[in-house]
Structure formats: C-alpha cells, structure tokens
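Working notes for the structure below.
The values are calculated or read from the model by the stated rules, or taken from the named source; none is laboratory data. Predicted model, so just to flag it, every value in this text is computed and none were measured. Because the Cβ atoms are built from the backbone with ideal geometry, glycine has one as well, and the counts that use them run over all protein chains shown.
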Amino acid sequence: MTGDSPFDDTDGVLAVARAVRSGQRSAVDVVAAHLEAAEHAQGTLNAFTLIDRDRALATAEQIDMLVAGGEDPGPLAGVPIAVKDLIAHEGRPTTNGGGFPAEVPDTTAPCIARLERAGAVIVGRVGLHEFAFGFSSENHWFGPVRNPWDPALSPGGSSGGSAAAVAAGLAPAALGTDTGGSVRVPAALCGVVGLKVTHGRVPLTGVTPLAASLDTVGPLARSVADVAAVYGAIAGDDPTDPWSMPQPVLSLTGPADLTGVRVGLPVPWSRRPVVPEVADAFATALEAIRRAGAEVEEVKAPDLDLSDLAQGSMYPEVAAVHGERLAAHPEGYGPQTRARLGKAVSYTHADYLAGLEWRQRITAAMARALVGYDVLATPTVPTTRKVIGVDDVDIAGTRKPHRAVLGTFTGLVNQARLPALALPLPASGSPPASLQLIGPAWSEARLLELGLALEEAGVVAFTPPPHWRA
C-alpha cells in the first residue's frame, strides 16, 4: 500500500453495508482487506494499539452466515470500525494509552455494543493521547500516532488514532471521545468528518472518564453520511449512564435546503488568530455558503471567549479520577501527563466553583449567540500542522503552546455541552483546513443535514492524503 489511496468510493460505511447486506460483497473479504491495510500501515502511522484480527474475522464470518441465511445483519453490516482504546470491549485490553497494566473488562460499553448489534465489526483499538489528556497523541508509552498527510505531523488528539485510521483508509469509521475537542481537533488535522455530540446523547458507561461532565463519545468518518450512519447506531438514552438523557434521536431527512439558513459568526471569538491557509479556506467556505443561499453574518457575543477559568471547571474532575493513583504511583504516568496532573490536583474547591460559574456564563452566551441562527460557524482549528516533538506552533508570527492553540474553537462547545460538526474543506494545503458548525442542544440531525448539503454543494469534501507511505 504505497502511493495511491488504499480505498475508493465503494469503501465507505454506507457503501460497505449496502454491499454486504445485498450479498454483493463478503464481510470477511471487506474486513480482511482492512485488517491487512492496518497491519501494513502500523509501522508508519502507529494508529492501533491492538489489531483484533481473529475476533474481527470471526464476527465477519457470522455476518456472512446471516446474509446467506436470508437474515439482515443490521444497517452497519460488515462495516469495519476502530474504537479508541479507552472504551471497554469485553475481553479486550483497555490501555487508556497509559503505562499502567491494561484492564480487561468483562462487559462491553453500550456504544460499542450498539455498533455490534447494528452489524459493525470492531477491527481493533486505536491509539490516543495518554488518558485522553492532550491534543497531540504523542504517547510516552506507545510512541506517537502519526498523521497520514505527513508522518512528521501529529494527527491531533486525543483521538489521534481514530482520525489517522479513518483518513488512511484503515477503517471506514472510528469512535473517539471529545472533552475539549478530542474528536474535532484530530478530525480537522487529518482532514475527516468528526461529530461532537450533545453531552448526554451517547452513553458514557464503559468509557474511562477524563472529566465526565464534559466527556462525549462521537464518530469520525470520511463523509457526513457515514458519520450520520454511525451516530444513528450509537445515539440514545441509557439508564446505566448518569449523564445520559432521554431525548428523542431524530432521523435525518436528507440534505438540508440551504436557502434561508442563518449562519452566525460569533465575534470576537471567531476572529481569533489563525494561519493564512485557514483564514483563506474559511473565508472561501463562507462565501460558497452564501452563494448556496444561506445568510452569513456576524453576531456579537462578547462573553463567548476563552479564559483560564476553563481549567478550573475541568481539572478538579481530572484530579478526582487520577489523584490517588498519581500520589501512589507517579511513575505510571508519562512526564508531560504527570506534570499536568500535578497541576490538576492543586486546584481548590473555590477554583472549581469559579470554573462552574464561568461554564454557566459560556452556556448562556452560546445560547444567546444562537438566537435567530441555525448554527454558528468557526474554523475547527487555527492551524493545520503540529510537528511531532515540537510543543508550540506558529500563529500570526508568534510561537504558542499547541494545546492552547488547537483548542481555541472547540473547548467552549464542550463547556456549553452543545453538538458540533468538524467538516474538511477542499484540500488547498497539506493537511486541509476544517470548518466547525455548532448547533443548539440535541440538534445533531440538523447539523448533519446541513453538513450533507454543504458536501453536496462542494463546500466541504474529504481529500485522500496523497503522499503517505506505509
């Protein structure tokens, strides 16, 4: 697998499922091809922590038997899916990207169980930033996950393995988690579609927490329709999850009519510094959205901006998860994660209360900004390139820490617990830029319908990474 893309337009989620359900393709053949691709790419991209060949092929055989017997295996029949290595899958080690002994769960997280009931085949577990606490996926214990656009670049994080596997064609779709941007940042840096759901939309049971009041599980794929298919399988209430909510999951009706759709550009937030390539691509996308019939205008949102109080709203929860183990076994954490956890445990109850008050202000500011608008739009990330081993990135001639830069447009969405969709823009750079659409709570179907329309209009598009070598 060198040079050319390892997949084609028949290799997406919906195309595979249709072909397998109709008997045109064997699930075993589909899964075997993706397993081979994953194994071949591992030395270059380091996307997987476990390639689950035997179990995946056994599952694929069962699906083929159902089809041969005239039964329908489900809407995701035979679709290979990779899952982030902090989501429990019965009998498979959960490493969390950490240095502690892996845990082997005896139950499967609802989000994975739902995929399997829909006929999907879990082909393996993918790498992440250690304990999902970072944006680079440069892992002290497993080595860095690498970007298919350029192996010298980070794929973003914390769901870096999920995005790299999808962009490189190693799996049609993957699950990631998003606490401050950890689905959308890697989706953007790898040029794929990523959905951050409303908090409470997809069960968190069986998912190792970072900060549970902000954590979400979401899909990544190469098209909006494919993301929608995976989302439709995993979304919904689950009483085993205290954060889950019994909100109806609406079905998509197809691409939205963009005529009259109102898109707000929240200022000053959306004017935060970005690299010229992102600025140009974002402006081009907005103009194309206008030509397609939507109304795009700035909306003043002075309270909708970044603050150090974000750490106060999150770090005490991180400390609650890791504090005791950090004190007892600090050597079990990589140096960077250990340093950040050391900061997390220093936060006080007063810091947390101030952070929660700020979170509520952000929630209210986001709600006010959305009044009269279908969605808000920003770039997904301010830059498209983060070099592995280099902590900072260049923005407007200034070197800044990559974590602060990459979370510029994503973290506030988690604080407000809203859904957002990261959409790759037509490639003008390597990697391409990304557009973020933010909607009201529980508006995933509307976001996806708008994404379908933008895809249909050519405003957004997946571009295969052309030059990586496996």
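Being part of a helix (DSSP H, G or I) and over 25 Å from ALA212 (Cβ atoms): is that true of GLU357 here?
Values: part of a helix (DSSP H, G or I): yes; over 25 Å from ALA212 (Cβ atoms): no.
For GLU357, the condition - part of a helix (DSSP H, G or I) and over 25 Å from ALA212 (Cβ atoms) - is not met.
Checking the structure you have, find out if any residue of the range 147-161 is aromatic (Phe, Trp, Tyr), assigned to a helix (DSSP H, G or I), modelled with pLDDT of 95 or more and touching a Phe, Trp or Tyr at 6+ places or on another chain (Cβ under 9 Å).
Taking the range 147-161 first, the residues aromatic (Phe, Trp, Tyr) are 149.
Going one step further and asking which of them are assigned to a helix (DSSP H, G or I), we end up with none.
Checking the range 147-161: not a single residue is aromatic (Phe, Trp, Tyr), assigned to a helix (DSSP H, G or I), modelled with pLDDT of 95 or more and touching a Phe, Trp or Tyr at 6+ places or on another chain (Cβ under 9 Å).
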*Residues ARG262, ARG290, ARG340, ARG271: which one is of a type in the set (Lys, Arg) and in contact with a helix residue (DSSP H, G or I) (Cβ under 9 Å, 6 or more places away or on another chain)?*
ARG340
*Would you check if there is a residue in the range 141-158 being of a type outside the set (Phe, Trp, Tyr), surrounded by fewer than 24 Cβ atoms within 10 Å (Cβ to Cβ), in contact with a helix residue (DSSP H, G or I) (Cβ under 7 Å, 6 or more places away or on another chain) and touching a residue at least 12 places away in the same chain (Cβ under 8 Å)?*
yes
*Please identify the pairs in which a residue from the range 295-322 that is touching a residue at least 60 places away in the same chain (Cβ under 8 Å) has its Cβ atom under 8 Å from the Cβ atom of a residue that is hydrophobic (A, V, I, L, M, F, W, C) and in a strand (DSSP E or B), counting only partners at least 6 apart or on another chain.*
VAL296/VAL263; VAL296/LEU265; VAL296/ALA377; VAL299/LEU265; VAL299/VAL267; VAL299/LEU376; ALA301/VAL267
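Name the residues in the range 406-426 that are under 25 Å from THR463 (Cα atoms) and either surrounded by fewer than 24 Cβ atoms within 10 Å (Cβ to Cβ) or of a type in the set (Ser, Thr, Tyr) (or both), would you? Explain how you work it out, then say what you get.
Kept after step one, since they are under 25 Å from THR463 (Cα atoms), are these residues of the range 406-426: 406-410, 419-426.
Once the filter is applied, which keeps residues that are under 25 Å from THR463 (Cα atoms) and either surrounded by fewer than 24 Cβ atoms within 10 Å (Cβ to Cβ) or of a type in the set (Ser, Thr, Tyr) (or both), the range 406-426 yields GLY407, THR408, THR410, PRO426.
Can you give me the number of residues within the range 34-65 that are without any contact (Cβ under 8 Å) to a residue 12 or more places away in the chain and either closer than 19 Å to VAL83 by Cβ or not aliphatic (A, V, I, L, M) (or both)?
5
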_Among the residues in the range 258-276, are any at pLDDT 95 or above, in contact with a strand residue (DSSP E or B) (Cβ under 8 Å, 6 or more places away or on another chain) and exposed (fewer than 14 other Cβ atoms within 10 Å of the Cβ)?_
yes
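Of the residues VAL166, VAL207, VAL185, only one is among the hydrophobic types (A, V, I, L, M, F, W, C), touching an Asp or Glu at 6+ places or on another chain (Cβ under 8 Å), within 30 Å of GLY389 (Cα to Cα) and at pLDDT 95 or above; which?
Of the residues listed, the single one that is among the hydrophobic types (A, V, I, L, M, F, W, C), touching an Asp or Glu at 6+ places or on another chain (Cβ under 8 Å), within 30 Å of GLY389 (Cα to Cα) and at pLDDT 95 or above is VAL207.
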*Could you tell me which of the residues PRO440, PRO419 is out of contact with any strand residue (DSSP E or B) (no Cβ under 7 Å at 6 or more places or on another chain) and either on the phi > 0 side of the Ramachandran plot or of a type outside the set (Lys, Arg) (or both)?*
PRO440
*When ARG201 is evaluated against the numbered criteria (1) more than 23 Å from ALA445 (Cβ to Cβ); (2) among the charged types (D, E, K, R); (3) surrounded by 24 or more Cβ atoms within 10 Å (Cβ to Cβ), which criterion, by number, is the only one it fails?*
(1)
